[in-house]
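Asker: Before I ask anything, let me first share the structure, which is written out below as structure tokens.
The values are calculated or read from the model by the stated rules, or taken from the named source; none is laboratory data. Since we're looking at a predicted model, the values are computed, not measured. Cβ placement follows ideal geometry from the backbone for every residue including glycine, while neighbour counts extend to all protein chains displayed. Surface accessibility is based on the protein's heavy atoms, side chains included, excluding ligands, DNA and RNA. Shrake-Rupley method; radii C 1.70, N 1.55, O 1.52, S 1.80 Å.
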Amino acid sequence: MSGWEMGGRGTPKVSPSRLAAFEILAAVGSGTGHSDELLHSKHVDTLSPEDRNLCTTLVMGVLRWQIALDARLRGLLQRPEQRLADPVAIALRMGAFQLLYLDRVPAHAALNESVELCREAGHPYAAGMVNAVLRKLTSSKKPGAPIYESVAALAERLGHPAWLVERWAAVYGREAAQMICEADQREPSEGKMFTEYDDMPVMDDGSRLVAELAAAAAPEAKRVWDCCAAPGGKTLVLAKRLAAASIIASDVSAKRLAAMKARFRRLDFAERIECVVADAADADSVQGEFNLIVCDAPCSGTGTLAANPEIRHRLQPADLARQAARQRMVLKGALRRLASGGRLVYSTCSLEPEECEQVVSGVTGVRRVPVEGLLGELNRNRILQDEASLESAVRDGALRTLPGVHECDGFFAVVFERT
Ligand SMILES: C[S@@+](CC[C@H](N)C(=O)[O-])C[C@H]1O[C@@H](n2cnc3c(N)ncnc32)[C@H](O)[C@@H]1O
């Protein structure tokens, strides 16, 4: 049964915002939708601004805190080992999130509406349990700060899977891992890294930084290929910076390409970008050679968990090898089209070495261009703010930003030059 149908029967006992949030969380949980797309769907658009706000807060908050909420709720269940039906678990999480994290929501509304959601979703037998558990939660003491906290406990407290945070602690150190987790739990903030925002596409600063680096790497480029381009943020930065270049923006997904084309049509300066559906792994999918190629490969997205909170619930350790195999194929295909003396930027929004350093380590026939010089160029050209301190975002000549450590999402980028 769909939540919208639930709302349509008789007098609605659940507010439109909670009903919409419940429905979206159910779709995300069953793998049939993405929070970002669903929160921008026609149905959510019909809600009042206040309801839309609460719906977004609930969806993003529950997805960000789900692991911590479940841990807290387990301690209050009579049979914690028993798996709850998905709608019951969602109603409980929504109630617990409102009670623990939202101080402007009255406790009775959070509690009663969770009970009602559970009933209306076809689980009336569990309504009493939901009521009792949420009541216990309101009167239970907040857990105190532990004297020693393991990385697994830190991960749980900050709503992340232990395996992911253990990897980050091993690669970046425990302090950085904690900063990443804390940043993932916050709303993404407004950009601060650049001197100018008015005329630029709305995007995360880390993503823009990769595109600015690419433009600085080949300011005289005549032919540019953005080979994994959709939704087109980096292409737009390239179009702004490289006014004389002809630009091809391609993507393997026809649907994503169509949305990107529509986005470009609304912007004068993007008119000259040629959009094509193409598999970058297949070097014959585009013609000729390019002086600049941006290969912003599809990846796990672990550097973007604040904006994409459900990634942490879906991603499995084994996915990283699959991602890496795809990234190697895309990079290999793109490199075949790089002109002599031309430059290629390989980037991901992943924090995982398998998708970053390990993908680029085996590349031959090109030299690495250290990013320090390009960052210096961005400073000299007053594109970066003076205080945008990025020294710590350079590792072995590559860009490596970390959420919470740097004021942007986590991005990796290396620059190659065809020798
Ligand atoms: C990280 S996103 C690109 C983001 C984009 N560069 C931006 O800044 O807005 C990766 C894109 O690669 C596309 N993709 C995946 N496999 C591909 C392939 N083999 N060839 C071309 N594009 C591919 C996906 O459809 C997705 O749109």
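Asker: Starting from residues that are within 12 Å of the ligand (Cβ to nearest atom) and among the charged types (D, E, K, R), keep the ones in the range 213-254 and report whichever is nearest to R368 (Cα to Cα).
Answerer: Among them, the one singled out is D226.
Asker: I'd like to check which helices (runs of 4 or more DSSP H) are fully inside the range 13-91 and have at least 3 residues that are in contact with a Cys (Cβ under 6 Å, 6 or more places away or on another chain) and not assigned by TED's automatic domain parsing to the domain that holds C118.
Answerer: In the range 13-91, no matching helices (runs of 4 or more DSSP H) lie anywhere.
Asker: Moving on to the next point. Which residue pairs have Cβ atoms under 8 Å apart, sit 6 or more places apart or on different chains, and have a first residue in the range 369-385 that is more than 14 Å from R241 (Cα to Cα) and in the same structural domain as L344 (by TED's automatic domain parsing) and a second that is open to solvent by 70 Å² or more (accessible area, probe 1.4 Å) and among the acidic types (D, E)?
Answerer: Listed by first residue and then by second, the contacts come to N379/D386.
Asker: Out of everything in the range 255-264 that is farther than 24 Å from K222 by Cα and not hydrophobic (A, V, I, L, M, F, W, C), what residue ends up being nearest to the ligand (Cβ to nearest atom)? Spell out the reasoning first.
Answerer: Pass one, the range 255-264, residues farther than 24 Å from K222 by Cα: 255-256, 258-259, 262.
Checking which are not hydrophobic (A, V, I, L, M, F, W, C) leaves us with 255-256.
Numbers: K255: 9, R256: 5 Å.
If we take residues in the range 255-264 being farther than 24 Å from K222 by Cα and not hydrophobic (A, V, I, L, M, F, W, C), then R256 is nearest to the ligand (Cβ to nearest atom).
Asker: Looking only at the range 266-276, decide whether some residue is basic (K, R), over 30 Å from G61 (Cα atoms), within 16 Å of the ligand (Cβ to nearest atom) and surrounded by fewer than 18 Cβ atoms within 10 Å (Cβ to Cβ).
Answerer: There is at least one residue in the range 266-276 that is basic (K, R), over 30 Å from G61 (Cα atoms), within 16 Å of the ligand (Cβ to nearest atom) and surrounded by fewer than 18 Cβ atoms within 10 Å (Cβ to Cβ).
Asker: Would you pick out the residues in the range 254-277 that are more than 23 Å from the chain's Cα centre (by Cα) and part of a helix (DSSP H, G or I)? Spell out the reasoning first.
Answerer: We begin by selecting, within the range 254-277, every residue more than 23 Å from the chain's Cα centre (by Cα); these are 265-277.
Within the range 254-277, R265, D268, F269, A270 qualify.
Asker: Does P298 satisfy being open to solvent by less than 60 Å² (accessible area, probe 1.4 Å) and either more than 10 Å from the ligand (Cβ to nearest atom) or out of contact with any strand residue (DSSP E or B) (no Cβ under 8 Å at 6 or more places or on another chain) (or both)? Reasoning before the result, please.
Answerer: Details: open to solvent by less than 60 Å² (accessible area, probe 1.4 Å): yes; either more than 10 Å from the ligand (Cβ to nearest atom) or out of contact with any strand residue (DSSP E or B) (no Cβ under 8 Å at 6 or more places or on another chain) (or both): yes.
Judged against the criteria, P298 is a match.
Asker: State all residues of the range 207-232 that are touching a Pro at 6+ places or on another chain (Cβ under 9 Å) and open to solvent by 10 Å² or more (accessible area, probe 1.4 Å); if no residue qualifies, say none.
Answerer: Answer for the range 207-232, where residues must be touching a Pro at 6+ places or on another chain (Cβ under 9 Å) and open to solvent by 10 Å² or more (accessible area, probe 1.4 Å): just C228.
Asker: Report those strands (runs of 3 or more DSSP E) wholly inside the range 278-397 carrying at least 1 residues which are of a type in the set (S, T, Y) and modelled with pLDDT of 95 or more.
Answerer: Numbers: elements: 290-296, 338-348, 366-369.
Per the criteria, 338-348.
Asker: Tell me, which residue of the range 114-141 that is farther than 23 Å from V59 by Cα and outside any helix (DSSP H, G or I) is least open to solvent (accessible area, probe 1.4 Å)?
Answerer: The qualifying residue least open to solvent (accessible area, probe 1.4 Å) is S140.
Asker: List the residue pairs whose Cβ atoms are under 6 Å apart, where the first residue sits in the range 149-177 and is without any contact (Cβ under 8 Å) to a residue 12 or more places away in the chain and outside the structural domain of R400 (by TED's automatic domain parsing), the second is crowded, with 19+ Cβ neighbours inside 10 Å and outside any loop (DSSP other than H, G, I, E, B), and the two are 6 or more positions apart or on different chains.
Answerer: Taking only residues 6 or more apart or on different chains, the pairs are A162/A155.
Asker: Okay, moving on. Within the range 213-234, take every residue that is more than 18 Å from Q327 (Cα to Cα) and hydrophobic (A, V, I, L, M, F, W, C) and give me the one that is farthest from the chain's Cα centre (by Cα).
Answerer: Out of the qualifying residues, it is A221.
Asker: Follow-up. Here are some residues: R382, R343, R337, R368. Which one is surrounded by fewer than 16 Cβ atoms within 10 Å (Cβ to Cβ), of a type outside the set (V, I, T) and over 24 Å from G191 (Cα atoms)? Spell out how you get there, then give the answer.
Answerer: Numbers: R382 fails: over 24 Å from G191 (Cα atoms); R343 fails: surrounded by fewer than 16 Cβ atoms within 10 Å (Cβ to Cβ); R337 fails: surrounded by fewer than 16 Cβ atoms within 10 Å (Cβ to Cβ).
Result of the check over R382, R343, R337, R368: R368.
Asker: I've got another one for you. Kindly indicate which of A155, A162 is of a type in the set (A, V, I, L, M), in contact with a Cys (Cβ under 8 Å, 6 or more places away or on another chain), closer than 20 Å to I311 by Cα and open to solvent by less than 60 Å² (accessible area, probe 1.4 Å). Working first, answer last.
Answerer: Numbers: A162 fails: in contact with a Cys (Cβ under 8 Å, 6 or more places away or on another chain).
Selected residue: A155, the only one of A155, A162 that is of a type in the set (A, V, I, L, M), in contact with a Cys (Cβ under 8 Å, 6 or more places away or on another chain), closer than 20 Å to I311 by Cα and open to solvent by less than 60 Å² (accessible area, probe 1.4 Å).
Asker: Please specify each residue of the range 180-206 satisfying the condition of being open to solvent by 10 Å² or more (accessible area, probe 1.4 Å), within 13 Å of the ligand (Cβ to nearest atom) and modelled with pLDDT of 95 or more.
Answerer: Listed by number, the residues that qualify are M203, D204.
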